[in-house]
Amino acid sequence: MEDGLLRITKNGRALFLAYDHGMEHGTEDFDDASIDPQKILDIADSGYFTGFICQKGIAEKYYDRNKNKVPLIVKLNGKTNLFKGQDPYSPRICSVGEAISLGASAVGYTVYIGSAYEAKMLFEFSQIERETDRAGIPLIGWMYPRGKAVKGREHSKEILSYGARVALEIGAEMIKIPYTGDRESFKWVIQSAGRVKVVVVGGEKTGEEKFFKMVEDVLSAGAAGLAVGRNIWQSGEPIGISQKLAEKILESC
Amino acid sequence: MEDGLLRITKNGRALFLAYDHGMEHGTEDFDDASIDPQKILDIADSGYFTGFICQKGIAEKYYDRNKNKVPLIVKLNGKTNLFKGQDPYSPRICSVGEAISLGASAVGYTVYIGSAYEAKMLFEFSQIERETDRAGIPLIGWMYPRGKAVKGREHSKEILSYGARVALEIGAEMIKIPYTGDRESFKWVIQSAGRVKVVVVGGEKTGEEKFFKMVEDVLSAGAAGLAVGRNIWQSGEPIGISQKLAEKILESC
Amino acid sequence: MEDGLLRITKNGRALFLAYDHGMEHGTEDFDDASIDPQKILDIADSGYFTGFICQKGIAEKYYDRNKNKVPLIVKLNGKTNLFKGQDPYSPRICSVGEAISLGASAVGYTVYIGSAYEAKMLFEFSQIERETDRAGIPLIGWMYPRGKAVKGREHSKEILSYGARVALEIGAEMIKIPYTGDRESFKWVIQSAGRVKVVVVGGEKTGEEKFFKMVEDVLSAGAAGLAVGRNIWQSGEPIGISQKLAEKILESC
Amino acid sequence: MEDGLLRITKNGRALFLAYDHGMEHGTEDFDDASIDPQKILDIADSGYFTGFICQKGIAEKYYDRNKNKVPLIVKLNGKTNLFKGQDPYSPRICSVGEAISLGASAVGYTVYIGSAYEAKMLFEFSQIERETDRAGIPLIGWMYPRGKAVKGREHSKEILSYGARVALEIGAEMIKIPYTGDRESFKWVIQSAGRVKVVVVGGEKTGEEKFFKMVEDVLSAGAAGLAVGRNIWQSGEPIGISQKLAEKILESC
Amino acid sequence: MEDGLLRITKNGRALFLAYDHGMEHGTEDFDDASIDPQKILDIADSGYFTGFICQKGIAEKYYDRNKNKVPLIVKLNGKTNLFKGQDPYSPRICSVGEAISLGASAVGYTVYIGSAYEAKMLFEFSQIERETDRAGIPLIGWMYPRGKAVKGREHSKEILSYGARVALEIGAEMIKIPYTGDRESFKWVIQSAGRVKVVVVGGEKTGEEKFFKMVEDVLSAGAAGLAVGRNIWQSGEPIGISQKLAEKILESC
């Protein structure tokens, strides 16, 4: 599986452009430009990214495996934010076989660690993994603490290191996980993940300085890279930021 | 799949006669004429429609693929309005294979966006899509906001654009969606749907002037057409209205 | 499928002897004679009935496809009346394949229209139908309004016509449905069923005059016949009544 | 299937030694001797029994189909008495195929008549029956009234005759059912079971005289025999009682 | 199956190093050394253990069947301690086939005896067992009393002997079970398990003297050995303790 990661990394590092916000957040994150998948795919294809993350439908209608150069990473599950139970569950929307036929180099699945539906998602993760193992493509675990049991602790060292560890124990090849907020605690998250590579969630649009400080901190803590969305396509100069990120993450290691 | 849409569109536009009200609403929408599927199928077969929407049983007993000219669109799920939980779920009643063997040119599946059972319907939608992809016929998403989470916002720009976006991300070829009520907000719904074609729900019987104003507005906002039921068969002159609609929607583009 | 109905009808009419009361009601409907399936099967075999309705186990132990002349109709689901949730569900107890191997000419499945479990039963109905379509035997829908949502309206025109319509839309070949109580409203039920044949539930033992008045009314409303149990085997002269019913229903049309 | 019963009956009568109490009741029924499955199997093998009832694990580790002479009856479901919901459900623990490969001559499945989970158990019973029919071994229904709906009526004529009837209608070959307590009411239970053979639950250890009175009563009511556990292996002289029972039940008919 | 146990026992005794705490407890049990699976696997490979217990992901990324000498035991289910419902359920995360392909000599599955989800786990246990039987590797039952029904009695003789008995009746080859706390009561637990081998849970780090007293007591009560984690890798000299344990358990019998 290690080999599989070569397709979505460069020098062992990863920089992904994430674009599954329409499904997860609705259309309010977007403006007239960013609502258009083609425009975002053009940014992803700029040469600065090692992966483009989207849901199946966008891949199907916009991504052309013969034309696009950025590797495709298909999210296999997803949900809206409309129904707000105390504890979230994210259903499967795409199979491993479909993702591969769309040209995916890797697939992702969200586990809401701490949710009342955690057991269901762990089980589905394990079923998907059987397929990715057979198919020889990496399965990336979106390890997100959610639900009543972890409310207020979604960014704590304790909970995020637990999430990273679970990913190791259930067999993920890579994880996408939120940042604890400080370098020291995040080191422990990365130790907990063992041989599983750690990619950090970009999160909401923040000031550029603050954002690059975070990037530096997570890299020096041992992270393999970043999955970024709004900080690119809500920025005034997406290509400029992308280039700077690629330099920081992919080249200086 | 784009090719599949050719069979249920004309000049890229769609005009569907919908007749699944018996299942969804009971028999109160009907009179002595409209209760009879044969009479409605005769209207659908008038040459003004690019599709006739019904449940499996009506197709089985009335639609003759060798005789009827209007393309058949089979709804794959459905429910009654008798049991009123806070959040609706609509079970599968027909398989893709059955629909095809009945002569269907396309199939439809309702997703109640915002319902507590949304995850279940998204999952089933994705399973059905695997079959329609294999079979090469289009899957139309009925994207209807329902349930406690979206109560009172069933026609809002925010929620309907979310529904349209979900349809794009989960891989629908076309959607049937309610109208926001004004042209500007509906443009955003259509932008959110990206490359997915948008067909607007006709809804309750309204005055003819108001109805044709709506048709004009949604078309100029970028909609591909209309799915209409009661405004045809509850009208005094169904063929007359059908002809006028066909002119507006299918010819003047 | 129409052809399939020929085996359980005569002149397009149906008279079924129903004997699944042990499962549905317990043993209190029975006396020392009617508790014995052999005795009831003997009545069913008298030549006056176009079908004998029972559960799988009784068919297995009493019905001999080489000896018995009355066509066998096997109920595929059933439940006891012991556990009384607000909303009933009736589980599958027999498969289509088993029913056929027991000699069944048709099968029946109960849908409790209005129940909170309606979606589950509609789904199961549709699965069974796929099998009966393949096997070429008719599926009869027992369309019974039940549950909190329809409480007190189990015999209303509105609800029973809805049930009949659902049967048409989901693809039943025939329905067994309670009587509204008057001829005019029942006409609407039959119109709602379209090309689906309607058989009326005999119900509790009533006086002979009242009973035959009901028979006349439903026939003149357009019903295809009757499924009768207690009014036969709780009667003092079951063969006599059977003969009279057969004359009224099967011969005078 | 009738033929299948020949292997676990003698002169049409049955005497089973039941030993699934560890699963159902915990270890408190046992003493230093009866805790040991080997000791109980030795009693079962004494020649006085037409069947030995146990769960899969005990059969696997103690029963030797080449050495033991008593026919094996494997219980297919079971539960502990630790979790006490209002309404019990007993999960499947062994498949028909496994039971057969362990040397079983028959299998048993508990249906808690009246439980909120009754539908689930009826469905599973029917699935198992499909397998036993194919395999040609008898399925014995443990028909036990349980749950809030029948609380206090677990030994009533009404409820037990209902249980017996359900077993007939769902296709059991034989039932194991509690005793109503008097001969007259139990006759009705046996009539309700029709051609299904009725074996009575031995129940708690009682005085020998009372116990043999019960045996006489159920036999004269028409029962096929007894399934006995504690009245054998909690007795001071298990072989003596076994011999007396065998004489009463198996020989004097 | 007995033969299968030879691979994870020595002289009929077992000493397992358990390392699934990251999944079950989070990362708080660990320090900078014990967080690293490689370091723990090195201890396991010291020659003093007859098995190394871990989840699938750790086996996949650290255990090398060609290099490591300690037999691998893969836990097939697991859960976090974040979501705390009253009654726990532990989902399947690894299949028997995956475990075998990772080099497993045995597999383990947790049944929370007394939980409201007990039925679900008993069913899954039985399904897994079908696969282990076919594959010819032992299935070890983690028999842990949990949930409201047994709260406060998790170490009682009554409940633990019940758990041991259930394991026998459902067909485990070996169990891992907590200690009652005294030798006499634990003898009854072992008698209840019959021919199923009993391995005792090491539990929290305790003083060495107390720990070895416990080891002696359970062995003299008839246990086959110990599964130990924190008392090894939270100890200052893990190899020293391991050696002493191996002498006590594996050699002096």
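The values are calculated or read from the model by the stated rules, or taken from the named source; none is laboratory data. As the structure is a prediction and not an experimental result, all values here were calculated from the model. Positions of Cβ are backbone-derived with ideal geometry, glycine not excepted, and every protein chain shown enters the neighbour counts. Side chains are part of the model used for accessible areas, which takes the heavy atoms of the whole protein and leaves out ligands, DNA and RNA. Shrake-Rupley method; radii C 1.70, N 1.55, O 1.52, S 1.80 Å.
Scan the stretch E:155-162 and tell me whether some residue there is in contact with a Ser or Thr (Cβ under 6 Å, 6 or more places away or on another chain), of a type in the set (A, V, I, L, M, F, W, C) and closer than 30 Å to E:GLU124 by Cα.
Yes; the residues of the stretch E:155-162 include at least one that is in contact with a Ser or Thr (Cβ under 6 Å, 6 or more places away or on another chain), of a type in the set (A, V, I, L, M, F, W, C) and closer than 30 Å to E:GLU124 by Cα.
I'd like the full set of residues that are within 23 Å of B:ILE113 (Cβ to Cβ) and either among the small types (Gly, Ala, Ser) or assigned to a strand (DSSP E or B) (or both), limited to the stretch A:91-112.
Going through the stretch A:91-112, the residues within 23 Å of B:ILE113 (Cβ to Cβ) turn out to be A:91-95, A:98, A:108-110, A:112.
Of everything in the stretch A:91-112, those that are within 23 Å of B:ILE113 (Cβ to Cβ) and either among the small types (Gly, Ala, Ser) or assigned to a strand (DSSP E or B) (or both) turn out to be A:ARG92, A:SER95, A:GLY108, A:TYR109, A:THR110, A:TYR112.
For the stretch C:109-116, indicate whether the set of residues that are in contact (Cβ under 8 Å) with a residue 12 or more places away in the chain, buried (at least 21 other Cβ atoms within 10 Å of the Cβ) and within 20 Å of D:GLY194 (Cα to Cα) is non-empty. Can you show your working first?
Restricting attention to the stretch C:109-116, the residues satisfying the condition of being in contact (Cβ under 8 Å) with a residue 12 or more places away in the chain are C:109-116.
Filter once more, keeping what is buried (at least 21 other Cβ atoms within 10 Å of the Cβ): C:109-115.
Okay, now just the ones that are also within 20 Å of D:GLY194 (Cα to Cα), so none.
Taking every residue of the stretch C:109-116 in turn, none turns out to be in contact (Cβ under 8 Å) with a residue 12 or more places away in the chain, buried (at least 21 other Cβ atoms within 10 Å of the Cβ) and within 20 Å of D:GLY194 (Cα to Cα).
I'm trying to understand the selection: among the residues of the stretch C:145-166, which are touching a Pro at 6+ places or on another chain (Cβ under 8 Å), closer than 20 Å to C:GLU24 by Cβ and either open to solvent by 30 Å² or more (accessible area, probe 1.4 Å) or small (Gly, Ala, Ser) (or both)?
C:ARG146, C:GLY147, C:GLU154, C:HIS155, C:GLY163
Taking the stretch B:99-132 only, how many residues are more than 14 Å from chain A (Cβ to nearest Cβ) and either on the phi > 0 side of the Ramachandran plot or of a type in the set (Phe, Trp, Tyr) (or both)? Walk me through how you get there before you give the answer.
Residues of the stretch B:99-132 that are more than 14 Å from chain A (Cβ to nearest Cβ), as a first pass: B:99-108, B:110.
Still in the list and also either on the phi > 0 side of the Ramachandran plot or of a type in the set (Phe, Trp, Tyr) (or both): B:103.
Matching residues across the stretch B:99-132 total 1.
Let me confirm something: among E:ASP45, E:ASP29, E:ASP3, which residue is within 16 Å of E:GLY229 (Cα to Cα) and at pLDDT below 95?
Numbers: E:ASP45 fails: at pLDDT below 95; E:ASP3 fails: within 16 Å of E:GLY229 (Cα to Cα).
Matching residue, one of E:ASP45, E:ASP29, E:ASP3: E:ASP29.
Step by step: first the residues of the stretch E:119-139, then only those that are in contact (Cβ under 8 Å) with a residue 60 or more places away in the chain and of a type outside the set (Val, Ile, Thr), then the one that is most open to solvent (accessible area, probe 1.4 Å). Which residue is that?
Only one residue tops the list, namely E:ASP133.
Consider B:GLU169 against the criteria (1) surrounded by fewer than 24 Cβ atoms within 10 Å (Cβ to Cβ); (2) without any contact (Cβ under 8 Å) to a residue 12 or more places away in the chain: it satisfies all of them except one. Which criterion is unmet?
Going through (1) surrounded by fewer than 24 Cβ atoms within 10 Å (Cβ to Cβ); (2) without any contact (Cβ under 8 Å) to a residue 12 or more places away in the chain one by one, B:GLU169 breaks only (1).
Looking at C:ILE40, C:ILE73, C:ILE53 in this structure, which one is buried (at least 24 other Cβ atoms within 10 Å of the Cβ) and in contact with a Gly (Cβ under 6 Å, 6 or more places away or on another chain)?
Numbers: C:ILE40 fails: in contact with a Gly (Cβ under 6 Å, 6 or more places away or on another chain); C:ILE53 fails: in contact with a Gly (Cβ under 6 Å, 6 or more places away or on another chain).
Exactly one residue qualifies, and that residue is C:ILE73.
Within the stretch D:76-88, track down each residue that is within 14 Å of D:TYR109 (Cα to Cα) and open to solvent by less than 20 Å² (accessible area, probe 1.4 Å).
Hits for the stretch D:76-88 are D:LEU76, D:ASN77, D:GLY78.
Going by what's in this entry, would E:VAL74 be described as away from chain D (no Cβ under 11 Å), part of a strand (DSSP E or B) and touching a helix residue (DSSP H, G or I) at 6+ places or on another chain (Cβ under 7 Å)?
On the way: away from chain D (no Cβ under 11 Å): yes; part of a strand (DSSP E or B): yes; touching a helix residue (DSSP H, G or I) at 6+ places or on another chain (Cβ under 7 Å): yes.
Here the answer is yes, as E:VAL74 does meet what is asked.
Being farther than 18 Å from C:TYR112 by Cα and part of a strand (DSSP E or B) narrows it down to one of C:LEU226, C:LEU245, so name that one.
Details: C:LEU245 fails: part of a strand (DSSP E or B).
Residue meeting the stated conditions: C:LEU226.
Matching residues to (1) in contact with a Lys or Arg (Cβ under 8 Å, 6 or more places away or on another chain); (2) at pLDDT 95 or above; (3) closer than 25 Å to E:ASP29 by Cα; (4) more than 9 Å from chain D (Cβ to nearest Cβ):
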| position | (1), (2), (3), (4) |
| --- | --- |
| E:GLY141 | yes, yes, yes, yes |
| E:ILE170 | yes, yes, no, no |
| E:SER192 | yes, yes, no, no |
| E:MET214 | no, yes, yes, yes |
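Any chance the stretch D:157-164 includes a residue that's without any contact (Cβ under 8 Å) to a residue 12 or more places away in the chain and within 14 Å of chain C (Cβ to nearest Cβ)?
Of the residues in the stretch D:157-164, the ones without any contact (Cβ under 8 Å) to a residue 12 or more places away in the chain are D:158.
With within 14 Å of chain C (Cβ to nearest Cβ) added as a condition, the list becomes D:158.
Yes; the residues of the stretch D:157-164 include at least one that is without any contact (Cβ under 8 Å) to a residue 12 or more places away in the chain and within 14 Å of chain C (Cβ to nearest Cβ).
Residue-by-condition table, conditions (1) charged (D, E, K, R); (2) more than 24 Å from B:THR80 (Cα to Cα):
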residue	(1), (2)
C:SER105	no, yes
C:ILE113	no, no
C:GLU129	yes, no
C:ALA149	no, no
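In the stretch E:19-56, how many are among the small types (Gly, Ala, Ser) and at the interface with chain A (Cβ under 9 Å from one of its Cβ atoms)? Steps first, answer last, please.
Kept after step one, since they are among the small types (Gly, Ala, Ser), are these residues of the stretch E:19-56: E:22, E:26, E:33-34, E:44, E:46-47, E:51.
Add one more test, that the residue is at the interface with chain A (Cβ under 9 Å from one of its Cβ atoms), and what stays is E:22, E:26.
Total meeting the criteria: 2.
What about A:THR9, is it more than 14 Å from chain B (Cβ to nearest Cβ), buried (at least 19 other Cβ atoms within 10 Å of the Cβ) and of a type in the set (Ser, Thr, Tyr)?
Details: more than 14 Å from chain B (Cβ to nearest Cβ): yes; buried (at least 19 other Cβ atoms within 10 Å of the Cβ): yes; of a type in the set (Ser, Thr, Tyr): yes.
For A:THR9, the condition - more than 14 Å from chain B (Cβ to nearest Cβ), buried (at least 19 other Cβ atoms within 10 Å of the Cβ) and of a type in the set (Ser, Thr, Tyr) - is met.
Can you tell me which residue within the stretch C:173-215, out of those that are among the β-branched types (Val, Ile, Thr) and either in a helix (DSSP H, G or I) or free of Cβ contacts under 8 Å to residues at least 24 places away in the same chain (or both), is surrounded by the most Cβ atoms within 10 Å (Cβ to Cβ)?
Residues of the stretch C:173-215 that are among the β-branched types (Val, Ile, Thr), as a first pass: C:175, C:177, C:180, C:189-190, C:196, C:198-201, C:206, C:215.
Next, only the ones that are either in a helix (DSSP H, G or I) or free of Cβ contacts under 8 Å to residues at least 24 places away in the same chain (or both) stay: C:189-190, C:215.
On the way: C:VAL189: 30, C:ILE190: 21, C:VAL215: 23.
Looking at residues that are among the β-branched types (Val, Ile, Thr) and either in a helix (DSSP H, G or I) or free of Cβ contacts under 8 Å to residues at least 24 places away in the same chain (or both), I get C:VAL189.
Suppose the filter is open to solvent by 50 Å² or more (accessible area, probe 1.4 Å), within 23 Å of C:GLY194 (Cβ to Cβ) and in contact with a strand residue (DSSP E or B) (Cβ under 6 Å, 6 or more places away or on another chain); does B:ARG92 pass it? Before the answer, list the steps.
On the way: open to solvent by 50 Å² or more (accessible area, probe 1.4 Å): yes; within 23 Å of C:GLY194 (Cβ to Cβ): yes; in contact with a strand residue (DSSP E or B) (Cβ under 6 Å, 6 or more places away or on another chain): yes.
Criteria met by B:ARG92.
For residues in the stretch C:84-95 being within 28 Å of B:GLU24 (Cβ to Cβ) and touching a helix residue (DSSP H, G or I) at 6+ places or on another chain (Cβ under 8 Å), which is nearest to the other protein chains (Cβ to nearest Cβ)? Give the derivation first.
So in the stretch C:84-95, the residues within 28 Å of B:GLU24 (Cβ to Cβ) come out as C:85-92.
Pick out the ones that are also touching a helix residue (DSSP H, G or I) at 6+ places or on another chain (Cβ under 8 Å) and you get C:86-87, C:89-92.
Values: C:GLN86: 11, C:ASP87: 7, C:TYR89: 6, C:SER90: 7, C:PRO91: 4, C:ARG92: 6 Å.
Per the stated criteria, the residue is C:PRO91.
Kindly provide the set of residues from the stretch A:1-15 that are under 20 Å from A:THR132 (Cα atoms) and not in a helix (DSSP H, G or I), ordered by number.
Step one: filter the stretch A:1-15 for residues under 20 Å from A:THR132 (Cα atoms), giving A:1-9, A:14.
Those that are under 20 Å from A:THR132 (Cα atoms) and not in a helix (DSSP H, G or I): A:MET1, A:ARG7, A:ILE8, A:THR9, A:ALA14.
Name the residue that is nearest to E:ALA18 (Cα to Cα), counting only residues in the stretch E:119-172 that are of a type in the set (Phe, Trp, Tyr) and in a helix (DSSP H, G or I).
Taking the stretch E:119-172 and keeping what is of a type in the set (Phe, Trp, Tyr), we get E:123, E:125, E:142, E:144, E:162.
Adding the requirement that they be in a helix (DSSP H, G or I) leaves E:123, E:125, E:162.
Details: E:PHE123: 25, E:PHE125: 20, E:TYR162: 24 Å.
Among those residues, the one meeting the criterion is E:PHE125.
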